[in-house]
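Structure, as structure tokens:
Derivation of every value follows stated rules applied to the coordinates shown; laboratory data play no part. Since the model is a prediction, treat every value here as computed from it, not as a measurement. Quick reminder, even Gly has a Cβ in these numbers, built from the backbone with ideal geometry, and neighbours come from all protein chains shown.
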Amino acid sequence: MIFLELQKEIERIISDLDQKGILNIDNINTENFFDCLNSSKYYITIHDVQLYRPIYINNLMKEFYGFKNNKLSSLDHIYYLKTMHTSTYATLLESVSFFKNQKEKYLNLTYKLSFQNKEWRIVNGSTRTLFKNKKGKDKYAITVAKDSLENQIYKTDTKSYKHLTKQEKKIAKLLSDGLSRKEISAEIFISQHTVNSHIKNIYKKLEINKVSELIEIVKRYSV
């Protein structure tokens with residue numbers, strides 16, 4: 001449902017550009033074009049498909065990243081890549097493949113992005129071609145995105161994780177790395193009984209019951 005919502009917004013923007021007579025490749029850098037994108041309540045990025053890089057972000061996307069400018073230079077692109085978590089680098093390859101072998105109208109992806117260089121957020125985005133060049137090949141594409149509902153869970157997990165003591169965080173990390181309670185006991189030179197007590201407190205503070213849940217929280221917090 002989330003991607004359908006994003007696709008509807010893409011079509012609304014394209015319709016708006018068309019009605020205003022600025023749905024033209026020559027208008028990509030005009031103020032009217034930018035104003036139209038900035039009127040959206042969603043994060044928007046315009047990509048140069050042939051160069052495989054973003055060239056413009058609307059105000060909401062600029063605020064999300066903490067960037068100074070809406071127009072992105074080649075140097076900005078290097079920093080832009082750093083805003084993506086390594087776990088979502090595969091989406092870049094999916095994007096390239098999508099435009100090379102475009103069979104579907106939309107490309108729907110989920111990203112983990114750096115919010116103002118402070119925390120990671122999950123963002124859902126839908127992309128489609130905006131303009132083609134004179135040879136009929138994709139030139140520019142538009143991505144419309146919004147925060148995932150997972151972010152609220154993430155914030156809650158992170159806040160709870162911060163309440164763990166230094167020793168509890170160390171044990172949580174070792175446990176998530178696959179060490180047994182006996183191995184943790186030997187690793188940090190405390191009794192297994194004490195390890196069990198710490199783990200009980202960790203689970204209580206994080207309101208979880210399984211190691212798999214702990215692994216996910218530690219992974220989210222430690223990246």
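What longest region of the chain stays clear of chymotrypsin sites (Phe, Trp or Tyr not before Pro) that DSSP places outside H, G, I, E and B and that have at most 13 other Cβ atoms within 10 Å? Write out the running numbers ahead of the final one.
Details: sites that count: TYR52, TYR89, PHE189.
With chymotrypsin sites (Phe, Trp or Tyr not before Pro) excluded where exposed in loops, the chain gives 90-188 as its longest stretch.
Of LYS103/LYS134; LYS20/LYS118; LYS8/LYS169; LYS68/LYS219, which ones are farther than 32 Å apart at the Cα?
Beyond 32 Å: LYS20/LYS118; LYS8/LYS169.
LYS105: which aspartates and glutamates have alpha carbons under 16 Å from its alpha carbon, excluding same-chain residues fewer than 8 sequence positions away?
In chain and number order, the partners are GLU5, GLU9, GLU11, GLU94, ASP138.
Where the only charges are on Cβ atoms (+1 Lys, Arg; -1 Asp, Glu), what is the dipole of the stretch 2-148 about its Cα centre, to the nearest 20 debye?
360 debye
Give me the angle, in degrees from 0 to 90, between the Cα long axis of helix 150-162 and the longest principal axis of the Cα atoms of the chain, rounded to the nearest 10.
30 degrees
Would you work out which of HIS163, LEU179, THR194 lies farthest towards the positive end of the dipole of the stretch 159-223? Charges go on Cβ: Lys and Arg +1, Asp and Glu -1.
HIS163
What is the local net charge at ILE22, summed over the other residues whose Cβ is closer than 11 Å to its Cβ (Lys, Arg +1; Asp, Glu -1)? Before the final figure, lay out the partial values.
On the way: positive: LYS20; negative: ASP16, ASP18, ASP26, GLU31, ASP35.
Computed value for this residue: -4.
Please go through the stretch 92-154 and write out the trypsin sites (Lys or Arg not before Pro) that DSSP classes as loop and that have at most 14 other C-beta atoms within 10 Å. Mind dumping the intermediate values first?
Numbers: sites: LYS100, LYS103, LYS105, LYS112, LYS118, ARG121, ARG128, LYS132, LYS134, LYS135, LYS137, LYS139, LYS146; in loops: LYS103, LYS105, LYS118, LYS134, LYS135, LYS137.
In loop regions of the stretch 92-154 (DSSP not H, G, I, E or B), the sparsely surrounded trypsin sites (Lys or Arg not before Pro) are LYS103, LYS105, LYS118, LYS134, LYS135, LYS137.
Once both axes come from the Cα atoms, what is the angle between helix 90-100 and the longest principal axis of the chain, in degrees from 0 to 90, rounded to 10?
20 degrees
Can you list the residues of the stretch 103-118 with backbone N under 17 Å from a point 7 Å past the Cα of LYS219, pointing along Cα to Cβ?
Correct set: 110-113.
Starting from 0.36 nm per residue, how many nanometres of slack lie between ALA90 and ASN29 once their C-alpha separation is accounted for?
Taking 0.36 nm per residue and subtracting the Cα distance, the gain is 19.0 nm.
Just add up the charged neighbours of MET84: K/R +1, D/E -1, any other residue whose Cβ is under 13 Å from the Cβ of MET84. Display every interim value, and only then the final one.
Details: positive: ARG53, LYS82, LYS112, ARG121; negative: GLU94.
After counting each charged neighbour, the total is +3.
Tell me the label-point distance for the pair HIS163, ASN69, using the 7 Å Cα-to-Cβ offset, in nm and rounded to one decimal.
Output for this residue pair reads 4.5 nm.
Say each of PHE115 and LEU81 gets a label point 7 Å from the Cα, pointing the same way as Cα to Cβ; how far apart are those two points in nm?
So the two model labels end up 2.6 nm from each other.
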